[in-house]
Amino acid sequence: MIDLALKNVSKRFGGLLAVDKLDVEVPKGKILSLIGPNGAGKTTVFNMITGVYPPSEGTISYQGKKLNNLRSNRIIRHGIARTFQNIRLFKSMTVLENVQVGMHCRTKSGAFRALLNTPFAIREEKEIIEKSMETLEFLGLADHHNEYASNLAYGDQRRLEIARAVATRPEMLLLDEPAAGMNPSETAELMDLILKLRDTGLTIFLVEHDMRLVMGISEMVVVLDHGHKIAQGEPKEIQQNEKVIEAYLGTKVKAKA
Amino acid sequence: MKQGSEMGNGEFKKFIIYSLFLGVLILPMVGFPGTHFEAKRAFIVWGVFVGVLALGMLNQVVRQSSIYQKTLGGPQSFNRRVTKQFQKIPVRHWTLILLAAVAVYPLLANNYMVDVGITCLIYIVLGLGLNIVVGLAGLLDLGYIAFYAVGAYTYSLLNLHFGMSFWLCLPIGILLGAILGCVIGYPTLRMRGDYLAIVTMGFGEIIRLVLNNWDSLTKGPNGLLGMAKPSIMYPAFSNSGLEWATYSLKSLHALYYFILLIAVLTVIGVRRLDQSRIGRAWVAIREDEVAAELSGVPTTWLKLLAYAMGAAFASVAGAFFAAKLSYTNPNFFIFMESCIVLCIVVLGGAGSIPGVILAGVLLIAVPEVFRELQDYRMFAFGLAMAVMMVLRPEGLIPATRRKLGLSDIETDTIGELEESYQAVDSRT
Ligand SMILES: Nc1ncnc2c1ncn2[C@@H]1O[C@H](COP(=O)(O)OP(=O)(O)OP(=O)(O)O)[C@@H](O)[C@H]1O
Ligand SMILES: [Mg+2]
């Protein structure tokens, strides 16, 4: 079953065509990776899906619903969550609070309930804390829950971003270069984590430069170059694809193989 | 070593340029109260400014020097030690001591001092309200005093024309303030920084000008006179048995305790908001609006809510203010007032409730004490702000996000809420 479908999607920034008539279908419960050299348009694709800006052309639909003109927070409520290429945590807040913010869209107490401290608000707050702690435990961050986000080690900050995204209870998770800046052992842990998330039923849409990670866990790979899709297929096919090797992968993968 | 002196040179150059600039600005402005140049006065003021500047620059140089970094800087610095000492005392104790002090204060003070106390409390309520907008949600608002005016005029007009009681006018004023907060907030939603500052300032002035010029309704600059004081009803025995008697809050002491109650409720309210789901979302917006929106926080709505909540508190303060004086006029709501409230928030520490309270007392009460120095009040104000920004840029009592206590994570079974989240699957 197809969860997310991009049809004929283009994005123009002034004279620059960052994404050109892209078709991508992300199957439910699978790990699909989007790769390509720097500036290929990968982050732009994520930004369009999550409503940071609308596509110039084409349609983006999720489980049959068109997302094109929805505000970002509505899209998140529909079940798509994301992380950022450059870590964007709420730095002065604690680790737990960062995750609690992620639960905002699944909870209801408003200003009046907060002002009057109603039983509903109290119960909901407790539940927010509990669920957030569960999420932190799942991601192995529970011990750090009272630390300020800015004080976390780099790898933990990356994981906290994932935790915050997971806290929105998504069905699809967009990860934008989650392994960037990680050392090999952290990357290996991340790989396990992504598989673990997939096993809970999440669909994973991954943008990543680390080829070992991409080829190790993806069920399907889409290759972007200068905004064009130049290839699509299973990791093995992609590794052998002439165009891809020429555009980008070649030497690295060959050397490793 | 060489690097150090180069840096010192750079600072020195800046110092000379700034000093000259200040001279050009200050000398003519301060030196000509009338027609001839009063050199002494002008040079004293300029001298003080240059002195502060020198202190600031010196501070920079010293801080960057390697000796400072090794000794006073780092984790053991004076600032951090002060902050730590403050944090050691539990909040509960602070609160109790403070409450006891403010409760007995009017009994020990003369009328003038009680009056100053009332003014302080009004500004604390205003500061706490603005703290929601500026401190929590991170939105700059230079027209905040407009909502104070809305509260004051709502009560004045409704009371004078329809004889409505304070208690009836209060919710109406809150509602009007909140609506106006949204009206002003809406067009500014996409703005940031400087633009936001200018637009909110403009709105604040518009409100004042409307009040000033709508003669038929507001009596213009003459203002409105003769509003009733708030009164409370209580059951009392009389000749004809049990009936309701009214007690009008006329005396200074009664008014003091009334505004104290309002202030305490405001503290509780703002604190609850701060620690709620809503408060967290506000802080998230302040920290990174894009990330907040993309974590599912409806940022537009929450920013409007911040404006509305802030306006509501100001409106309460305004209604009290008008009732206390039985008088109001547009000149109470000049731009300078917005600045003072903003100073209270920034000086205290944006987002910090104890900080705002402390700064409210300092900025309102201390200038009263030095009443004779009237002319230099604003000057001292600016000086205090400048010194503070150099020494403690995060405010007197910097805001920190609350960490969980043990009692908060005690798990107990919660299932009842589940049904209200039908839209949500509970996979994670
Ligand atoms: N907001 C924007 N305005 C103008 N140009 C943009 C904008 N965002 C991206 N671009 C341009 O679009 C192109 C694609 O950028 P994008 O960030 O999507 O690349 P990417 O594939 O994510 O690259 P990387 O691997 O470096 O993250 C780049 O040439 C970039 O400069
Ligand atoms: Mg990118």
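The values are calculated or read from the model by the stated rules, or taken from the named source; none is laboratory data. Being a predicted model, the structure only gives us computed values, none of them experimental. For neighbour counting, all protein chains shown are included, and Cβ atoms are generated from backbone atoms with ideal geometry for every residue, glycine included.
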- prompt: Inside the stretch A:157-184, can you point out the residues that are polar (S, T, N, Q) and under 20 Å from A:Ser61 (Cα atoms)?
  reply: A:Thr168
- request: Please go through the stretch A:49-66 and pick out each residue that is without any contact (Cβ under 8 Å) to a residue 40 or more places away in the chain and within 26 Å of A:Ala180 (Cβ to Cβ).
  value: A:Gly51, A:Val52
message: Anything in the stretch A:158-170 that is over 26 Å from A:Ala40 (Cα atoms) and within 11 Å of another protein chain (Cβ to nearest Cβ)? List them, or say none.
response: A:Ala163, A:Arg164, A:Val166, A:Ala167, A:Thr168, A:Arg169, A:Pro170
task: Specify the residue that is modelled with the lowest pLDDT; the eligible residues are those in the stretch A:195-237 that are assigned to a helix (DSSP H, G or I) and within 16 Å of ligand 1 (Cβ to nearest atom).
output: A:Met211
- prompt: Does A:Ala165 qualify as being in contact (Cβ under 8 Å) with a residue 40 or more places away in the chain, under 18 Å from A:Met93 (Cβ atoms) and away from ligand 2 (no atom under 16 Å from the Cβ)?
  reply: yes
message: Of the conditions (1) more than 9 Å from chain A (Cβ to nearest Cβ); (2) under 30 Å from B:Ser231 (Cα atoms); (3) touching a residue at least 24 places away in the same chain (Cβ under 8 Å), B:Phe335 satisfies every one except a single condition; which number is it?
response: (2)
message: I want to confirm something. Restricting to the stretch A:183-210 and keeping residues that are within 16 Å of ligand 2 (Cβ to nearest atom) and either over 15 Å from the mean Cα position of the chain (by Cα) or under 26 Å from B:Val297 (Cβ atoms) (or both), which single residue is farthest from the other protein chains (Cβ to nearest Cβ)?
response: A:Asp210
task: Mind counting the residues in the stretch A:115-127 that are at the interface with another protein chain (Cβ under 7 Å from one of its Cβ atoms) and of a type in the set (S, T, N, Q)?
output: 1
Condition met for B:Val264 (touching a residue at least 12 places away in the same chain (Cβ under 8 Å), assigned by TED's automatic domain parsing to the domain that holds B:Leu142 and in a helix (DSSP H, G or I)): yes
task: Check whether at least one residue in the stretch A:210-219 is touching a strand residue (DSSP E or B) at 6+ places or on another chain (Cβ under 6 Å), surrounded by fewer than 17 Cβ atoms within 10 Å (Cβ to Cβ) and on the phi < 0 side of the Ramachandran plot, and report yes or no.
output: yes
- prompt: Quick one: which of B:Ala291, B:Ala323 is touching a residue at least 40 places away in the same chain (Cβ under 8 Å) and more than 22 Å from B:Thr200 (Cβ to Cβ)?
  reply: B:Ala323
- prompt: Hey, any hits in the stretch A:135-143 for a residue that's free of Cβ contacts under 8 Å to residues at least 24 places away in the same chain, assigned to a helix (DSSP H, G or I) and facing another protein chain (nearest Cβ under 7 Å)?
  reply: no
message: Show the residue pairs meeting these rules: Cβ distance below 6 Å; 6+ apart or different chains; first residue within the stretch B:97-112 and under 16 Å from B:Ser251 (Cβ atoms); second residue of a type in the set (A, V, I, L, M) and modelled with pLDDT of 85 or more.
response: B:Pro106/B:Val114; B:Asn111/B:Leu252
message: Name the residue that is nearest to the chain's Cα centre (by Cα), counting only residues in the stretch B:140-167 that are part of a helix (DSSP H, G or I) and of a type in the set (S, T, N, Q).
response: B:Thr154
task: Grab the helices (runs of 4 or more DSSP H) fully contained in the stretch A:1-114, keeping just those with 3 or more residues being within 16 Å of ligand 1 (Cβ to nearest atom) and away from chain B (no Cβ under 13 Å).
output: A:42-49
